[in-house]
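Okay, so here's the structure we're looking at.
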Amino acid sequence: MGLSEEQLKQAKALVFDYMGTVTDWLTPVATALIATAPKGSTVDWTEFAHRWRKEFFIYLEERVNSTEVLPLHDVYDHTLTRCQTGTGIEWSSEQRERLIRSWSGLVAWEDSREGLQRLRQKYLVVILSNGSTRMLIDASKRNKLEWDMTFASDLIGAYKPFPKTYQEVIRVLQLQPSECVMVAAHAYDLEAAATQYVT
């Protein structure tokens, strides 16, 4: 989805997805899966990591009418069990916790830090992520990434791609929809954001 020159002129805030757009989530998760793999396993752990992420969104969609917002840890735990079912793979409680924590091991892409610094000279630059507040703070400090605001799932009380997440950015920043631009590497994110503001 491209922006016209006029749309970009109106922009005051760039709303960044975090996992996959600014940071690499796959490498730390796949590495943790390989490290805890049962001896002799022939599983493609990179594919398993992608399946785990896919199950995350499937599970959220199934819970769309629920008034309870599950903690991020619980969502990862439940969806890991789904991926594990029928594979014959068994992990100890300690290993499962290590796998869930691997989602916090986000590594910034090589050009992320400098790019964000330059963009912040002109725009409000914020995170809108399904990650938890603590996860995003820790990862940003470790990767030396600076933001004007962090919109995490536990602060908003919802997960992307549900409309409330995008609407909260507009409300809190006190901007018009046309003044917010979504920056994401994922089609689902851009499509959902397009119903609320510019992508």
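The values are calculated or read from the model by the stated rules, or taken from the named source; none is laboratory data. Remember, it's a predicted structure, so these values are computed and weren't measured experimentally. FYI the Cβ positions are ideal-geometry reconstructions off the backbone, even for glycines, and counts take in every protein chain you see.
When the range 142-170 is filtered for residues that are charged (D, E, K, R) and more than 23 Å from Ser66 (Cα to Cα), the ones remaining, listed by number, are Arg142, Lys144, Glu146, Asp148.
Residue count for the range 172-193 under the criterion of being under 18 Å from Lys12 (Cβ atoms) and part of a helix (DSSP H, G or I): the result is 6. Looking across the range 179-192, the residues that are over 20 Å from Asn65 (Cα atoms) and surrounded by 14 or more Cβ atoms within 10 Å (Cβ to Cβ) come down to Glu179, Cys180, Val181, Met182, Val183, Ala184, His186, Leu190, Glu191. Contact map, the range 143-159: residues that are closer than 20 Å to Gly115 by Cα and acidic (Asp, Glu) paired with residues that are crowded, with 18+ Cβ neighbours inside 10 Å and at pLDDT 95 or above, Cβ distance under 6 Å, separation 6+ or inter-chain. Pairs shown: Asp148/Leu124; Asp148/Val125; Asp148/Val126.
Would you please name the residue that is farthest from the chain's Cα centre (by Cα), looking only at residues in the range 59-68 that are surrounded by 13 or more Cβ atoms within 10 Å (Cβ to Cβ) and without any contact (Cβ under 8 Å) to a residue 60 or more places away in the chain? Checking each candidate, the answer is Arg63.
Just give me the residues in the range 41-57 being within 14 Å of the chain's Cα centre (by Cα) and outside any helix (DSSP H, G or I), in sequence order. Of everything in the range 41-57, nothing turns out to be within 14 Å of the chain's Cα centre (by Cα) and outside any helix (DSSP H, G or I). Annotation note: of Ala30, Ala49, Ala37, Ala13, the sole residue that is at pLDDT below 95 and buried (at least 16 other Cβ atoms within 10 Å of the Cβ) is Ala37.
A count restricted to the range 118-137 and to residues that are touching a residue at least 12 places away in the same chain (Cβ under 8 Å) and within 14 Å of Val15 (Cα to Cα) stands at 10. Looking only at the range 127-164, residues that are among the aliphatic types (A, V, I, L, M), part of a loop (DSSP other than H, G, I, E, B) and surrounded by fewer than 19 Cβ atoms within 10 Å (Cβ to Cβ) come to 1 in all. Checked against the criterion of being surrounded by fewer than 15 Cβ atoms within 10 Å (Cβ to Cβ) and among the polar types (S, T, N, Q), the candidates Gln167, Gln176 yield just one match: Gln176.
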